[in-house]
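This is the structure I want to talk about, given as structure tokens.
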Amino acid sequence: MAKIITVTSGKGGVGKTTTSASISTGLARRGHKTVVIDFDVGLRNLDLIMNCERRVVYDFVNVIQGEATLNQALIRDKRVNSLYILPASQTREKEALTFEGVKKVLNELSETFDYIVCDSPAGIEHGALMALYFADAAVVTTNPEVSSVRDSDRILGILQSKSRRAEKGLDPVEEYLLLTRYNPDRVERGEMLSVEDVSDILAIPLLGVIPESQIVLNASNQGLPVILEDESDAGQAYDDAVARLEGEEREFRFLKADKKGFLARVFGG
């Protein structure tokens, strides 16, 4: 049976799809047969970041409604052989994701995949609730700002009360915190919450801290999961997060501001 990992957030624009792309790519690079599903019906973005938008013929909703098989809709990644993408529909209503339809697709995928990564819409709309319901693990993605953290706290409440695992009395959903767009210099200036601040508020295990970086935007625009930028801080931070997701212990990096030399301090460099 596959493990279902839902990447979620309370607020939009925090890097959720970027995270879904990198986590699924990282798991596949480790030899696990992995599929990443776009649950954001109407606002399809995952295929852009995965650079497969021109290869989309059938989508998630087509499969649910019996208009295509999973084999017809799944797109195999060109860079990592064991990674597949199931895109969302751009033309259907969100309610097209029916409970029974989603359940059937996930059950079928579970027979052949090791991991199913669900790229959830932000907040608690229909597609998000569906992705949260079926989660075995949830990566709660947030920026180090008060509104983003507050909204993420609401997501945790849903996971603890309205998930399949909560409903059936199973072990609770594994909850992990992924902090994105982290800038230690701004933390020191009091412009953004620290890792400790966010961890204290949400009180869930810290999976990773992704530094604020132009590399993330550049990679997304190029259709490249940032984890494949092996030399970048952001790529290495995502690789660390995937390793921790699999139970490895890795030291957290990129949490402290660079120390400036004497001349830089004097001249403001």
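The values are calculated or read from the model by the stated rules, or taken from the named source; none is laboratory data. Quick caveat, the model's predicted, so the values are computed rather than measured. Cβ: placed from backbone, ideal geometry, glycine included. Neighbour counts: every protein chain shown. Ligands, DNA and RNA are stripped out before the accessible areas are found, and what is left, the full protein with its side chains, is counted by its heavy atoms. Shrake-Rupley method; radii C 1.70, N 1.55, O 1.52, S 1.80 Å.
Given the conditions (1) touching a Leu at 6+ places or on another chain (Cβ under 9 Å); (2) of a type in the set (A, V, I, L, M, F, W, C); (3) farther than 17 Å from Gly123 by Cβ; (4) outside any helix (DSSP H, G or I), which single one is not true for Leu170?
(1)
Condition test on Ala138, is it aliphatic (A, V, I, L, M), over 21 Å from Glu251 (Cβ atoms) and in contact with a Leu (Cβ under 6 Å, 6 or more places away or on another chain)?
Working: aliphatic (A, V, I, L, M): yes; over 21 Å from Glu251 (Cβ atoms): yes; in contact with a Leu (Cβ under 6 Å, 6 or more places away or on another chain): yes.
Criteria met by Ala138.
Among (1) more than 12 Å from the chain's Cα centre (by Cα); (2) assigned to a loop (DSSP other than H, G, I, E, B), which single condition is Val14 missing?
Checking Val14 against (1) more than 12 Å from the chain's Cα centre (by Cα); (2) assigned to a loop (DSSP other than H, G, I, E, B), the one that fails is (1).
Give me a count of the residues in segment 64-90 that are touching a residue at least 40 places away in the same chain (Cβ under 8 Å) and over 22 Å from His32 (Cβ atoms).
4
What number goes with the only condition from (1) under 30 Å from Gln72 (Cα atoms); (2) surrounded by fewer than 18 Cβ atoms within 10 Å (Cβ to Cβ); (3) among the charged types (D, E, K, R); (4) free of Cβ contacts under 8 Å to residues at least 60 places away in the same chain that Lys94 does not pass?
Of the numbered conditions (1) under 30 Å from Gln72 (Cα atoms); (2) surrounded by fewer than 18 Cβ atoms within 10 Å (Cβ to Cβ); (3) among the charged types (D, E, K, R); (4) free of Cβ contacts under 8 Å to residues at least 60 places away in the same chain, the odd one out for Lys94 is (2).
Can you tell me which residue within segment 113-151, out of those that are among the hydroxyl-bearing types (Ser, Thr, Tyr) and open to solvent by 10 Å² or more (accessible area, probe 1.4 Å), is nearest to Ile23 (Cα to Cα)?
For segment 113-151, the residue satisfying everything is Tyr115.
Which ones in segment 65-82 are touching a Leu at 6+ places or on another chain (Cβ under 9 Å) and either farther than 18 Å from Glu108 by Cβ or surrounded by fewer than 16 Cβ atoms within 10 Å (Cβ to Cβ) (or both)?
Taking segment 65-82 first, the residues touching a Leu at 6+ places or on another chain (Cβ under 9 Å) are 70, 73-77, 79-80, 82.
Across segment 65-82, the qualifying residues are Arg76, Asp77, Arg79, Val80.
Something else now. What's the total number of residues in segment 114-148 that are over 18 Å from Glu174 (Cβ atoms) and either charged (D, E, K, R) or not in a helix (DSSP H, G or I) (or both)?
8
Then there's this: Could you run through segment 154-190 and say how many residues are open to solvent by less than 100 Å² (accessible area, probe 1.4 Å) and not hydroxyl-bearing (Ser, Thr, Tyr)?
22
From (1) over 14 Å from Ile5 (Cβ atoms); (2) among the aliphatic types (A, V, I, L, M); (3) outside any loop (DSSP other than H, G, I, E, B), pick out the condition that doesn't hold for Ala88.
(3)
Just the residues that are surrounded by 10 or more Cβ atoms within 10 Å (Cβ to Cβ) and either at pLDDT below 90 or over 21 Å from the mean Cα position of the chain (by Cα) (or both), please, taken from segment 235-269.
Lys256, Ala257, Lys260, Ala264, Arg265
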